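Chemist: Let me begin by handing over the structure; questions about it come next.
The values are calculated or read from the model by the stated rules, or taken from the named source; none is laboratory data. It should be emphasised that the depicted structure is a prediction, and the values quoted were computed from it without experimental measurement. Here the Cβ positions follow ideal geometry from the backbone for every residue, glycine too, while neighbour counts run over all protein chains shown. With ligands, DNA and RNA removed, areas are computed over all heavy atoms of the protein, side chains included. Shrake-Rupley method; radii C 1.70, N 1.55, O 1.52, S 1.80 Å.
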Amino acid sequence: MSEAAVLELGTSAIVTGLTVCAPMLAAGLLVGVLISIVLAATQIQEFTLTFVPKLAAMAAAGILTAPWALQTLIDFTARVFRQMGTAGN
């Protein structure tokens, strides 16, 4: 395998990982910001209140996007195996 192919594979792995994680991270970020605004507006000093809603939002996003994420990971894995098959040529 050439250096360019290895770099492309590494870049593709990072992009695929970030793409699969993005919906859950975005849900956690959005809920965290909304909860922080509510806590600041009400002047509640309990910062542990943000944990459960963020966890629930991230779990819901993970469940809702699981079929898409799994298909994305399967496509990436199939592409890696195809490249491995041609690596010795």
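Chemist: Checking a compactness column here: for the chain, what do you get for Rg(Cα) / (2.2 N^0.38 Å), N being the number of residues?
Modeler: Details: Rg = 19.3 Å, N = 89, 2.2 N^0.38 = 12.1 Å.
Against the compact-globule rule of thumb, the ratio is 1.59.
Chemist: In square angstrom, what is the accessible area per residue of the chain with a 1.4 angstrom probe? Kindly include the intermediate steps, with their values, before the conclusion.
Modeler: Values: 6400 Å² over 89 residues.
On a per-residue basis, the chain sits at 72 Å².
Chemist: Also, quick follow-up: Report in % the part of the accessible area of the chain that belongs to carbon and sulfur, leaving out ligands and nucleic acids; probe 1.4 Å.
Modeler: Numbers: 4860 of 6400 Å².
Answer for the chain is 76 percent, counting heavy atoms of protein chains only.
Chemist: Could you check the simple spin-label distance between residue 52 and residue 74, using points 7 Å along Cα→Cβ, in nm with one decimal?
Modeler: The modelled label-to-label distance comes out at 3.7 nm.
Chemist: Can you compute 3J(HN,Hα) from phi for each residue in segment 13-18, using the Karplus curve 6.51 cos²θ - 1.76 cosθ + 1.60 with θ = phi - 60°, rounded to whole Hz and x for Gly and Pro?
Modeler: Ordered by residue, 3J(HN,Hα) equals 5, 5, 5, 5, x, 5 Hz.
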